[in-house]
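Laboratory data are not the source of any read-out in this text; all were calculated from the coordinates shown. Everything numeric in this text was worked out from a predicted model, so none of it was measured. Heads up, the Cβs are rebuilt from the backbone with ideal geometry, glycines too, and the neighbour counts pull from every protein chain shown.
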Amino acid sequence: MATPPETAAALLRNAHQSLPHGGLAHKLALAGSAGRPLRVKLGLDPTAPDIHLGHTVVLQKLREFQDLGHRVVLIVGDYTARVGDPSGRSSTRPVLSGEEIDANADTYRRQAFSVLRDDPDLLEVRRNGEWLDMPAEELFRLARVATVAQILERDDFARRFAARQPISVLETLYPLLQGYDSVAVESDVELGGTDQTFNLLLGRDVQRAYGQPEQVILTMPILPGIDGSEKMSKSLGNHVGVTEAPEEQFGKTMRLPDAAMDTWFELLAVPRPPEGTGPRDAKRALARGIVERFHGAAASARAEAHFDRLFVTHDAPADVPEHAFESGGRPVHLPALIADAFGRSRSEARRLLTQGGVRLDGEALGEADLDVAAERLDGGLLQVGKRHFRRLRAA
């Protein structure tokens with residue numbers, strides 16, 4: 001049996017931060033002594049109809065708690081969605097109708113079950129409208145927990161205040177309402193993204209004011225989108241939805257820059273391929289793992305075959321000539337490789353790259369790909385224009 005510190009270390013392996021230091025191990029020890037599971041809370045405001053892989057980073061961590069026998073309390077913020085979480089916002093969120101919130105809440109719940117175990121002993125789903133529709137005197141009591149100065153310390157409010165951008169009184173109540181959720185469900189641990197740190201810490205203040213033991217907070221890093229840089233977001237068009245078709249999930253993942261793969265493997269808890277696997281095959285393993293999680297192994301295999309038909313072997317002759325290249329352990333200068341393999345000038349090869357006329361295993365290369373790692377090229381199908389192909393081999 002693992003000790004509480006060992007269990008805590010395993011749960012925190014890919015987390016951004018846990019506060020207070022050592023608090024999770026202490027909570028695990030207390031719960032073990034009392035013979036009860038921890039109550040691990042996550043709140044989701046249903047402000048959009050679908051969830052994407054970015055949401056599943058925290059959901060996957062909740063699943064790890066479930067697998068250890070702890071009880072997850074998933075709070076669908078049907079009430080707080082009417083207020084609007086100001087985290088990371090430069091302006092007030094648009095107001096949704098009650099019908100929109102209810103429809104989104106039902107969708108969130110169904111999609112969350114694609115990650116969480118739907119076991120009544122391990123999962124409790126609540127709507128915070130159950131307790132936040134409170135009398136005015138109870139709201140006044142809650143509002144006394146924090147000062148205006150404390151609320152305005154949070155980064156997003158501070159930036160908006162400095163820029164003289166509007167901050168509604170309703171928005172300033174949001175962190176307190178989220179904190180009251182922790183009181184209502186008697187939370188031991190609350191999870192969230194790094195953008196939720198202020199809200200989660202204020203939840204500890206609210207619990208203390210209501211005479212409850214303070215929760216431990218655990219924040220997870222933000223997953224970058226398929227552009228590899230910005231936070232995954234539907235509004236930015238860089239997301240992979242959990243209900244998207246297998247072929248769509250696979251194809252989008254294959255667009256992920258190599259530099260972001262380690263982050264995706266780590267945060268999405270997809271099994272890594274064997275050490276020494278090249279970037280191209282590693283990305284395929286990542287795409288297969290994501291599709292398999294949401295659609296099953298058979299759908300994953302079909303999605304990969306579909307990708308190959310569309311992008312790898314499409315219009316390629318049956319017997320593609322091979323071209324050997326030398327790297328000497330250094331990145332390969334692609335214009336020089338194209339010139340050698342296809343009999344083009346280097347200037348023409350560079351022009352083709354900038355115009356999107358060069359593909360590697362169906363993925364369009366660009367001006368940012370002038371120098372490419374040899375392991376990414378080895379075994380790959382290089383396409384120039386519509387009808388010219390070479391199978392690359394490292395010499």
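For this structure, a couple of remarks:
- Helices in the chain, meaning DSSP H runs of at least 4 residues, each add -39500 (n - 2.57). Divided by all residues, the mean residue ellipticity at 222 nm is -12500 deg cm²/dmol.
- Taking the average, over residues, of other Cβ atoms within 10 Å as the packing measure, peptides 358-366, 159-167 rank 358-366, 159-167 from highest down.
- When the Gaussian network model of the chain links Cα atoms closer than 10 Å, the mean-square fluctuations of A105, A301, A324 top out at A324.
- Which label in (1) 1.17; (2) 1.45; (3) 1.90 gives the computed Cα Rg over 2.2 N^0.38 Å: (1)
- Put simply, the amide H of L123, placed in the peptide plane, has neighbours under 5 Å in V72, leaving out anything fewer than 5 places away on its chain.
- Qualifying lysines (Cα of each under 26 Å from Cα of K231; at least 8 residues distant if same chain): K41, K61, K252, K283
- Most mobile listed residue (F250, F198, F65) in the chain, GNM with C-alpha springs under 10 Å: F198
- Residues K386, K252 arranged by fewest to most Cβ contacts within 10 Å: K386, K252
- Amide H contacts under 5 Å for V216: V189, E190, restricted to partners 5 or more places along the chain or on a different chain, H placed in the peptide plane at 1.01 Å from N.
- Beta bridges from DSSP with both residues in the chain: antiparallel share about 40 percent, rounded to the nearest 5.
- In order along segment 322-338, phi translates into HN-Hα couplings of 8, 9, 8, 10, 10, 10, x, x, 10, x, 8, 7, 5, x, 5, 5, 5 Hz, rounded to whole numbers, per the Karplus curve 6.51 cos²θ - 1.76 cosθ + 1.60 with θ = phi - 60° and x for Gly and Pro.
- Theoretical FRET efficiency, 1/(1+(r/R0)^6), r = Cβ-Cβ of A394 and L236, R0 51 Å, to 0.05: 0.90
- Amide H contacts for G193 (H built 1.01 Å from N in the peptide plane; partners 5 or more residues away or on another chain; cut-off under 5 Å): M220.
- For segment 147-163, the Karplus equation 6.51 cos²θ - 1.76 cosθ + 1.60, evaluated at θ = phi - 60°, returns couplings of 9, 4, 4, 5, 5, 6, 6, 5, 4, 5, 5, 4, 5, 5, 5, 5, 8 Hz by residue, with Gly and Pro reported as x.
- Share, in percent, of DSSP beta bridges within segment 4-220 that are antiparallel, nearest 5: 15 percent
- Over segment 246-312: Rg over Rh, Cα atoms, Kirkwood Rh: 0.93
- C-alpha center-to-center spacing [segment 281-343, segment 217-267] in angstrom: 20 Å
- GNM result for the chain, Cα springs below 10 Å: residue of L286, L170, L122 fluctuating most strongly: L170
- Sites T194 and R144, calculated FRET efficiency, Cβ-Cβ separation with R0 35 Å, nearest 0.05: 0.80
- Extending 7 Å from Cα along the Cβ direction at L170 and again at H21 yields two label points whose distance is 4.2 nm.
- The C-alpha atoms of the chain define a longest principal axis, and helix 53-67 lies at about 60 degrees to it.
- Take every pair of alpha-carbon atoms less than 8 Å apart whose residues are at least six positions apart; their mean separation over the length of the chain yields a relative contact order of 14 percent.
- Take every Cα pair under 8 Å whose residues are at least 6 apart in sequence, average their separation, divide by the length of segment 246-312, and the relative contact order is 44 percent.
- Per-residue Cβ neighbour rank within 10 angstrom, fewest leading, M254, M1: M1, M254
- For the pair D121 and A298, a Förster radius of 25 Å applied to the C-beta separation gives a FRET efficiency near 0.25, rounded to the nearest 0.05.
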